[in-house]
Amino acid sequence: MFVLMPPPPPPPPLGPPVEMPDMEVGAFKAMLAFIYADDLSGLNGDNAISVLYAADKYNLPKLVKACLNFPIPELGNVFFAFDWARFLGKEAGKPIEVIRGVFQSFPS
């Protein structure tokens, strides 16, 4: 009445893991969250520059814009951020205006 079906074949073995030596794990996860879910919650002051680099490398203009519009006071090092933005050829605002905004954000 019922015929016994053979078990399915085993899945093929996985290849070696893909390595991305020029990208940090947190930046990669934040980039994937943005690509698949339009989620920017993984973007923070510690990885904004790394995410900017990844977004520029993989041609994600909306993520580049989000990184460039990231609140400056939350960045760990504003001068490092300007250096990277200049390296990537992105306009991050006039440095003196941004620095003035950073100092105004601290309570007096």
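The values are calculated or read from the model by the stated rules, or taken from the named source; none is laboratory data. This one's a predicted model, so the numbers in the text were calculated from it and none came from an experiment. All Cβ positions, glycine included, derive from the backbone under ideal geometry; neighbour counts span all protein chains shown.
Results, tabulated for the structure shown:
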| item | result |
| --- | --- |
| Filter result (in a helix (DSSP H, G or I) and among the hydrophobic types (A, V, I, L, M, F, W, C)) within the stretch 32-49 | Leu32, Ala33, Phe34, Ile35, Ala37, Ala48, Ile49 |
| Restricting the stretch 1-29 to residues that are part of a helix (DSSP H, G or I) and without any contact (Cβ under 8 Å) to a residue 24 or more places away in the chain, the residue that is farthest from the chain's Cα centre (by Cα) | Val25 |
| Any hit, the stretch 23-38, residues being in contact with a Leu (Cβ under 6 Å, 6 or more places away or on another chain) and of a type outside the set (Ser, Thr, Tyr) | yes |
| Conditions (1) surrounded by fewer than 19 Cβ atoms within 10 Å (Cβ to Cβ); (2) modelled with pLDDT of 90 or more; (3) not basic (Lys, Arg); number of the one not met by Met31 | (1) |
| Selection count where residues are hydroxyl-bearing (Ser, Thr, Tyr) and not in a helix (DSSP H, G or I), scope the stretch 50-69 | 1 |
| Members of the stretch 1-28 found to be in contact with a Lys or Arg (Cβ under 9 Å, 6 or more places away or on another chain) and surrounded by 15 or more Cβ atoms within 10 Å (Cβ to Cβ), listed by number | Met23 |
| One residue from Ala37, Ala66, Ala48 being among the small types (Gly, Ala, Ser) and modelled with pLDDT of 90 or more | Ala37 |
